[in-house]
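Every number here is computed from the coordinates shown, using simple stated rules; none is lab data. Quick caveat, the model's predicted, so the values are computed rather than measured. Positions of Cβ are generated from backbone atoms using ideal geometry, with glycine treated the same way; all protein chains shown enter the neighbour counts.
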Amino acid sequence: MKCTSLRVIDIRSFSDRTLKPSPSLTLLTGPNGCGKTNLVEALYYASSGKSFRTSNDGEIIRLGQDEGTILVDFMTGRTVQTIKIRLARNQGKKIFLNDTAVRKKELVGLFRTVLFTPDELQLIKGAPQLRRRFMDMEISQVSPRYYEEFLRCSRAVQQRNGALKNAQLTGKKPDLDIWDMQIAASASYLVRKRLETIEQMNGIVPSMEENLTGHRESLQIRYVQQGSDSPRYDVEWYMDQLSRRREEDARFCHTSIGPHRDDLQFLMNGMDIASYGSQGQQRTAILSMKLAEMEFIRSETGEYPVLLLDDIGSELDRSRREALISFLKAQDIQTVVTGTEKMFDTEGLVVELEDGKR
Ligand SMILES: Nc1ncnc2c1ncn2[C@@H]1O[C@H](COP(=O)(O)OP(=O)(O)OP(=O)(O)O)[C@@H](O)[C@H]1O
Ligand SMILES: [Mg+2]
């Protein structure tokens, strides 16, 4: 998959700007605040329907404007398609594929990207929610059914929590059967898919680690399931767990079991890298993970996604950067990377953004 054009109109600092990325490597460069991340954000937005910097769409629209538009042309095989996202202040967004309106859930998986930013370090150190999002985004990009089931499960959990809250207010017994059934059915599917994906990723991660460091570290992902030491994904188990936990859940108005409570652990030589890994090992581990995600998406869809690397110069030393770039070149992976200096000695396209408004 290749992006052939990005156009942003009244998005962040840009009034109207077009970027035609190279099919291989594009380096966005220029001083701090010149809009490098803004362009990466726009590409990510066209891929996922949301930003990685804010959950408030209004922030993305250029100050003083009521509307902003992101247009991405991308090629799958020989077909060029256009995604258009129109953001209106306080009015939500409209998404179009080749001028036909589509819903957000239909957007995910069309223009596939993998993002790596310094914040991504939080994937190891940060809250479990970030690791779940990593997994959910990865699988959603290759499986529309997964994304649908993910939304269904999240809604059912919200409804169940709402019913519990209501019951607390009214003093009546909540009717949870319907929500328990929905959660159990979705959870069973989601967790099975997650486990399958992790198994596949575990087959890929070590060779990515080798690509980057020259030696294989035994990096493995482990699924940590709430309620069981060895992951279960049968509907009956979830029904049983949900019903057993009703009393406790009622007290806290939450749902203490389900995919929204599970986590991932990254193990290096069997030890949790969050507690035992050095900073450098953690960085490399995340990058290996991201590259494994690229391979996973390729094996599922036949094409590599577009790789977005924001500000990784500060994260990786020279030898790792070079190893990374040579890998990306060998695999013909389209990459958009930002940096303030020319940190990648390659024949890629260099786009110099100037300070100030355009
Ligand atoms: N909604 C908006 N409207 C107008 N300008 C905005 C908006 N949001 C952000 N900006 C401007 O965009 C600029 C930041 O752009 P961006 O984060 O892409 O910079 P950058 O080139 O990645 O910088 P760095 O090298 O520091 O990472 C700032 O100057 C900010 O004022
Ligand atoms: Mg930036």
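A few points about this structure:
- The trypsin sites (Lys or Arg not before Pro) of segment 138-211 that DSSP puts in a loop, and whose beta carbon has at most 13 other beta carbons within 10 Å, are LYS172.
- Unit Cα scatterers, Debye sum, segment 126-166: log10 I(q)/I(0) for q = 0.14, 0.20, 0.23, 0.29 Å⁻¹: -0.40, -0.69, -0.79, -0.91
- Euclidean distance of C-alpha centroids, segment 249-307 and segment 74-144, integer Å: 18
- For segment 129-195, pairs of C-alpha atoms spaced more than 19 angstrom apart make up 40 percent of the total.
- Tilt relative to the chain, helix 144-170 - C-alpha long axis, 0 to 90 degrees, to 10: 50
- Segment ILE178..GLU303, full-extension length gain: 41.0 nm, with 0.36 nm per residue of separation and the alpha-carbon distance subtracted.
- The GNM of the chain, with springs linking C-alpha atoms under 10 angstrom apart, assigns the highest mean-square fluctuation among GLY92, GLY30, GLY313 to GLY92.
- Among the listed pairs LYS105/LYS329; LYS36/LYS329; LYS173/LYS193; LYS36/LYS104; LYS50/LYS172, those beyond 27 Å (Cα-Cα): LYS105/LYS329; LYS173/LYS193; LYS50/LYS172
- 0 to 90° range, to nearest 10: angle between helix 235-244 axis and the chain longest Cα axis: 60
- The chain: antiparallel DSSP beta bridges as a percent of all, rounded to 5: 75
- The value of relative contact order for the chain, using C-alpha pairs under 8 Å at least six residues apart, is 26 percent.
- Near THR82, once Lys and Arg are set to +1 and Asp and Glu to -1 for all other residues with Cβ below 9 Å from its Cβ, the sum equals -1.
- CD proxy at 222 nm, helix term only [per DSSP H run n ≥ 4: -39500 (n - 2.57); per residue of the chain; nearest 500]: -14000 deg cm²/dmol
- Most fluctuating residue given options VAL102, VAL114, VAL40, as computed from a GNM of the chain linking Cα atoms under 10 Å: VAL102
- The Cβ shell under 10 Å around ALA184 holds other residues with a net charge of -4, Lys and Arg each +1, Asp and Glu each -1.
- Overall Cα dimensions of segment 119-301, principal axis frame, Å, largest first: 62, 35, 28
- Comparing CYS153, CYS253, CYS34 in a Gaussian network model of the chain, where Cα atoms under 10 Å apart are tied by springs, the biggest mean-square fluctuation is seen for CYS253.
- In plain terms, the bigger the Kirkwood radius, the slower the diffusion; for the chain, with that radius from Cα pairs, at 20 °C and 1.002 mPa s, Stokes-Einstein puts D at 98 µm²/s.
- Loop-located GluC sites (Glu not before Pro) in segment 292-342 (DSSP state other than H, G, I, E, B) with a sparse environment of at most 10 neighbouring Cβ atoms within 10 Å: GLU341.
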